[in-house]
Amino acid sequence: MPERVETIHASAVAVGERAVIIRGPSGSGKSRLALALLGAAKSGLLPYAKLVADDRIKISAAHGRLVVSAPETISGMIEVHGLGIRAVDCEPLAVAGWIVDLAAKDAARMPELSSAGILGVTIPRLPVGAGQEPLPILLAALTTAPKG
C-alpha cells in the first residue's frame, strides 16, 4: 500500500522499465518532450516508450520506489500544441527512474551527477536549461554511461 499519494504538475513517460518524470514551468515543453519520447520509440531510437500521464501525475512512494500514474480524468490524453487534446495509448502506472527538469537554472554544459528526492525517494535528475533541446540530452542519458 502506498505511504502517501500526491498529484503534481508534470508529465511522465514509461521508457523501458522505468518512467521519466518531466517537470518544468508552464510552457517549458513537458508535453512536447513526452511526444518526442513516444516518437523516438516508434522510430527505433528507444526500445519502448508509452505515456503514463501528461500535465498532471499522481505520485506515491511504496517500498522505496516512486510510482507514477495518471489522474483518472486525464488518463490516455496528451496536449499537442496546435492540435489540442489527443488520445494516446497509455501505461496505467510505472516506477520512476529519472526526473527531467526543463528550464532548470542549474543546468550546465558538463553537469555533475544529480539526484532529486520526491516523497522520500531519491532518483537520478537531469536538469535541462531553457532554450536547450531536451530530447538529445535525455536520449544520451538513457542510452549511454558516464566515462570513468
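Here, each number is a calculation from the coordinates, and none is a lab measurement. Please read all numbers here as calculations on a predicted model, not as lab measurements.
Give the relative contact order (percent, whole number) for the chain; include only Cα pairs under 8 Å separated by 6+ residues.
Relative contact order of the chain: 24 percent.
Rg/Rh, computed from the Cα trace of the chain with Rh as the Kirkwood radius, has the value 0.94. Helical runs (DSSP H, four residues minimum) scored at -39500 (n - 2.57) apiece and divided by the length of the chain put the mean residue ellipticity at 222 nm at -5000 deg cm²/dmol. In terms of the Cα gyration tensor, with a ≥ b ≥ c the square roots of its eigenvalues, is region 70-109 rounded because a/c is under 1.5, prolate because a/b exceeds b/c, or oblate? Judged from the Cα gyration tensor, region 70-109 comes out oblate (a/c at least 1.5, b/c at or above a/b).
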